[in-house]
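Worksheet for the structure shown next.
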Amino acid sequence: MKEFDKVLISKEDIEIKVKEISKKISADYKGLNPLFVCILKGSVFFTADLLRNVDTPAQIDFMVVSSYGSGTTSSGTLNIKKDLAVDIKDKHVIIVEDIIDSGNTLALLKEMLLKRNPSSVKICTLLDKPDRRVRDVKVDYCGFQIPDEFVVGYGLDYDENYRTLPDIRVLSREVYEK
Ligand code: PRP
């Protein structure tokens, strides 16, 4: 059985793009000591690579969240499986995601974090699938816009597999339709 249709984004292209985003963020947040919020598990590699290249002092924390319910209203619910360990009041927060799909998770998460009175909240995602969006969400830093295909690797999974691949690949239909 063929597992992957193709490599969508190579390891080299990821590396170049991540460095580009790090550079932008470093300039934008110079002297602001931002807090990067890594949304586990998908964004673990992206966050680590991004922060390795950020050259202004910064902090890091982790959350595990999922969303259910959808639609264009604010009726969706955010399930917080692991909350932040630090207080974000008066901090400049950058949420780091691997992918934005419907937009539900990020929209709800941003709304929730804003209630904790941070100085600012911005969103940084490696991948964006605009075709799947059901809820508006402002993406401040984006690596790649991708078509509506099932992608895995570099943190992204199917049934918890494939996260450790170094590149981003399109999963073959045979795998998830069997
Ligand atoms: C993925 C991704 C986002 C969310 C995006 O997480 O990391 O959190 O889905 O989808 P949405 O825009 O439709 O809300 P997932 O629940 O797969 O968890 P994981 O990061 O642990 O794989």
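The values are calculated or read from the model by the stated rules, or taken from the named source; none is laboratory data. This structure is a prediction, so every number in the text was calculated from the model and none was measured. Here the Cβ is made from the backbone with ideal geometry for all residues, glycine too, and neighbour counts use every protein chain on show.
Among the listed residues Leu114, Leu84, which satisfies the condition of being of a type outside the set (S, T, N, Q) and surrounded by 14 or more Cβ atoms within 10 Å (Cβ to Cβ)?
Leu84
With (1) more than 16 Å from the ligand (Cβ to nearest atom); (2) part of a helix (DSSP H, G or I) as the list, and Met1 as the residue in question, which single condition is left unmet?
For Met1, the exception is condition (2).
Which ranges mark the strands (runs of 3 or more DSSP E) fully within the stretch 52-154 that have 1 or more residues being within 12 Å of the ligand (Cβ to nearest atom), of a type in the set (Ser, Thr, Tyr) and in contact (Cβ under 8 Å) with a residue 12 or more places away in the chain?
Of the strands (runs of 3 or more DSSP E) lying wholly inside the stretch 52-154, those with at least 1 residues that are within 12 Å of the ligand (Cβ to nearest atom), of a type in the set (Ser, Thr, Tyr) and in contact (Cβ under 8 Å) with a residue 12 or more places away in the chain span 59-68, 77-82, 120-128.
Say whether the condition of being under 19 Å from Phe62 (Cβ atoms), surrounded by fewer than 18 Cβ atoms within 10 Å (Cβ to Cβ) and touching a Lys or Arg at 6+ places or on another chain (Cβ under 9 Å) is met by at least one residue in the stretch 87-104.
Yes; the residues of the stretch 87-104 include at least one that is under 19 Å from Phe62 (Cβ atoms), surrounded by fewer than 18 Cβ atoms within 10 Å (Cβ to Cβ) and touching a Lys or Arg at 6+ places or on another chain (Cβ under 9 Å).
I'm trying to understand the selection: among the residues of the stretch 19-40, which are farther than 15 Å from Thr125 by Cβ, among the aliphatic types (A, V, I, L, M) and in a helix (DSSP H, G or I)?
Correct list: Ala27 only.
Within the stretch 30-43, take every residue that is within 25 Å of Tyr162 (Cα to Cα) and crowded, with 20+ Cβ neighbours inside 10 Å and give me the one that is nearest to the ligand (Cβ to nearest atom).
That would be Gly42.
Kindly indicate whether any position in the stretch 165-172 is near the ligand (Cβ under 9 Å from one of its atoms) and in contact with a Gly (Cβ under 8 Å, 6 or more places away or on another chain).
no
What's the number of the condition Phe144 fails, among (1) over 27 Å from Asp28 (Cβ atoms); (2) modelled with pLDDT of 95 or more?
(1)
Report yes if some residue within the stretch 17-29 is loosely packed, with under 12 Cβ neighbours inside 10 Å and more than 12 Å from the ligand (Cβ to nearest atom); otherwise report no.
yes
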